[in-house]
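Asks: Okay, handing you the structure first.
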Amino acid sequence: MIYTVTLNPSIDYVISLDEMKVGLVNRLKTSSKFPGGKGINVSRILNELNVSNTALGFLGGFTGKFVNDALTRLNVQTDFVEIKEDTRINVKIHAQQETELNALGPNIDDAELASFIDKFNQIGNGDVVVFSGSIPANLPQNLYDQIIKKIKANGAQLAVDTTGQGLLDTLENNPIVIKPNNHELGELFHTEVTTDADIEKYAKKLIEMGAQNVMISMAGEGGMLVSKDRVLRSFAPKGKVLNSVGAGDSMLAGFVGEFNQSHDLEKAFKKGLACGSATAFSLDIATNKKIDEIFNEIDVFEK
């Protein structure tokens, strides 16, 4: 089983208008509400790929009920801890530019946190836990480390999509894959990454530090996958970008879902690219049909 972790889920309220005029009344062209959160996005893509998974995290109040009900309608299996405070609402504005207004999120009390950590006692051999996003300021900053030690002791594996020191701290646990984008990769080493050679150089440093695979998303330039023995590259398929939210999460989901089933590195990388691009070309998380269409357009080559 694959488990996804979303520590700070949300309702994503996505609105569109031709022009955003600050200080004036604006009339929307469209508005939609989606269950949001990086781990939730991973679960939704895994579901589209018919890969069994369970979404974990915290949900509370009427907003949390909306998120859980929406995921239930999408047939996503969930096991969230119910909390006292309301799940946050994030606003995504599509106008002249893409703008996001992200709320801080609820406070988690000690009993709620203990209940969440206890869930990982049942995760072990054959399972993979996907850690997505940073740890909110109101939670212990070593929370991932606590959970990772627990699941590793039970024989489970992990995949990680976070940034900065939080990402570096997970490497000693040999994650199956980590997924920085090219800018985040540079920030890890306090430098600017501008070329394929730069990306390969610094990705190999992360391999030396413990990651099994490093998958780098490069927006319109495609992506690269670096492992101990291989470097794979692909350019982005053609398409109109409608929504960048969730594209990186989708890429991670595609890789983890395929690799956990086939252990085929090249196919997993290609599936990740297809999922990421399909979501970027969609208003919401991509459908399996869209993923399949784009999968056939992607060319992966060895460097």
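The values are calculated or read from the model by the stated rules, or taken from the named source; none is laboratory data. Predicted model only: the values in this text are computed from it and were never measured. Backbone-built Cβ (ideal geometry, glycine too); neighbour counts: all protein chains shown.
Asks: Picking from 101, 59, which residue would you name as being aliphatic (A, V, I, L, M), more than 30 Å from residue 259 (Cα to Cα) and in contact with a strand residue (DSSP E or B) (Cβ under 7 Å, 6 or more places away or on another chain)? Give the derivation first.
Replies: Working: 59 fails: more than 30 Å from residue 259 (Cα to Cα).
Step by step, each of 101, 59 is checked, and only 101 is aliphatic (A, V, I, L, M), more than 30 Å from residue 259 (Cα to Cα) and in contact with a strand residue (DSSP E or B) (Cβ under 7 Å, 6 or more places away or on another chain).
Asks: Test residue 209 against the criterion of being touching a Lys or Arg at 6+ places or on another chain (Cβ under 6 Å) and either β-branched (Val, Ile, Thr) or closer than 30 Å to residue 153 by Cβ (or both), and give yes or no. If you could, list the steps in order and put the result at the bottom.
Replies: Values: touching a Lys or Arg at 6+ places or on another chain (Cβ under 6 Å): no; either β-branched (Val, Ile, Thr) or closer than 30 Å to residue 153 by Cβ (or both): yes.
So residue 209 does not fit the description; no.
Asks: Restricting the range 145-174 to residues that are part of a helix (DSSP H, G or I) and in contact (Cβ under 8 Å) with a residue 40 or more places away in the chain, which is nearest to residue 37 (Cα to Cα)? Spell out the reasoning first.
Replies: Of all residues in the range 145-174, those part of a helix (DSSP H, G or I) come to 145-153, 164-168, 171-173.
So of that shortlist, the ones also in contact (Cβ under 8 Å) with a residue 40 or more places away in the chain come out as 147, 168, 171.
Values: 147: 19, 168: 22, 171: 23 Å.
Taking the candidates together, the pick is 147.
Asks: I would also like to ask the following. Could you figure out which of (1) assigned to a strand (DSSP E or B); (2) under 20 Å from residue 161 (Cα atoms); (3) touching an Asp or Glu at 6+ places or on another chain (Cβ under 7 Å) isn't true of residue 5?
Replies: (3)
Asks: Check every one of the helices (runs of 4 or more DSSP H) wholly within the range 189-303 and list those with 2 or more residues that are within 21 Å of residue 165 (Cα to Cα) and touching a residue at least 24 places away in the same chain (Cβ under 8 Å). Spell out the reasoning first.
Replies: On the way: elements: 196-208, 247-262, 265-280, 288-295.
Of the helices (runs of 4 or more DSSP H) lying wholly inside the range 189-303, those with at least 2 residues that are within 21 Å of residue 165 (Cα to Cα) and touching a residue at least 24 places away in the same chain (Cβ under 8 Å) span 196-208, 247-262.
Asks: List the residue pairs whose Cβ atoms are under 8 Å apart, where the first residue sits in the range 100-126 and is more than 28 Å from residue 245 (Cα to Cα), the second is surrounded by 11 or more Cβ atoms within 10 Å (Cβ to Cβ) and of a type in the set (Ser, Thr, Tyr), and the two are 6 or more positions apart or on different chains.
Replies: Pairs that qualify, where the first residue is more than 28 Å from residue 245 (Cα to Cα) and the partner is surrounded by 11 or more Cβ atoms within 10 Å (Cβ to Cβ) and of a type in the set (Ser, Thr, Tyr), are 123/3.
Asks: While we're looking at this one, here's another question. Please go through the range 8-19 and give me each residue that is farther than 30 Å from residue 115 by Cβ and either touching a strand residue (DSSP E or B) at 6+ places or on another chain (Cβ under 6 Å) or in a strand (DSSP E or B) (or both), ordered by number.
Replies: Of the range 8-19, the ones farther than 30 Å from residue 115 by Cβ are 14-19.
Scanning the range 8-19 gives 14, 15, 16.
Every residue, every condition in (1) surrounded by fewer than 20 Cβ atoms within 10 Å (Cβ to Cβ); (2) in contact with a Cys (Cβ under 9 Å, 6 or more places away or on another chain); (3) assigned to a helix (DSSP H, G or I), yes or no:
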| site | (1), (2), (3) |
| --- | --- |
| 25 | yes, no, no |
| 54 | yes, no, no |
| 58 | no, no, no |
| 67 | no, no, yes |
| 71 | no, no, yes |
| 91 | yes, no, no |
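Asks: For residue 183, only one of the following conditions fails: (1) free of Cβ contacts under 8 Å to residues at least 24 places away in the same chain; (2) over 17 Å from the mean Cα position of the chain (by Cα). What is its number?
Replies: Just one mismatch for residue 183, condition (2).
Asks: Could I ask something else about it? Run residue 82 past the list (1) more than 20 Å from the chain's Cα centre (by Cα); (2) buried (at least 20 other Cβ atoms within 10 Å of the Cβ) and report the number of the one that doesn't hold.
Replies: So the condition that residue 82 fails would be (2).
Asks: Oh, and also: When you check residue 87 against the structure, is it surrounded by fewer than 22 Cβ atoms within 10 Å (Cβ to Cβ) and either out of contact with any Cys (no Cβ under 6 Å at 6 or more places or on another chain) or in contact (Cβ under 8 Å) with a residue 60 or more places away in the chain (or both), yes or no? Explain how you work it out, then say what you get.
Replies: Details: surrounded by fewer than 22 Cβ atoms within 10 Å (Cβ to Cβ): no; either out of contact with any Cys (no Cβ under 6 Å at 6 or more places or on another chain) or in contact (Cβ under 8 Å) with a residue 60 or more places away in the chain (or both): yes.
Considered against the rule, which asks whether it is surrounded by fewer than 22 Cβ atoms within 10 Å (Cβ to Cβ) and either out of contact with any Cys (no Cβ under 6 Å at 6 or more places or on another chain) or in contact (Cβ under 8 Å) with a residue 60 or more places away in the chain (or both), residue 87 comes out as no.
Asks: A further question follows. Hey, among the residues in the range 109-160 that are modelled with pLDDT of 95 or more, in contact with an Asp or Glu (Cβ under 9 Å, 6 or more places away or on another chain) and under 18 Å from residue 51 (Cβ atoms), which one's surrounded by the most Cβ atoms within 10 Å (Cβ to Cβ)?
Replies: Looking at the filtered set, the residue picked out is 130.
Asks: Scan the range 73-89 for residues that are within 15 Å of residue 7 (Cα to Cα), not in a loop (DSSP other than H, G, I, E, B) and not hydrophobic (A, V, I, L, M, F, W, C) and jot them down.
Replies: Correct list: 78, 82, 88.
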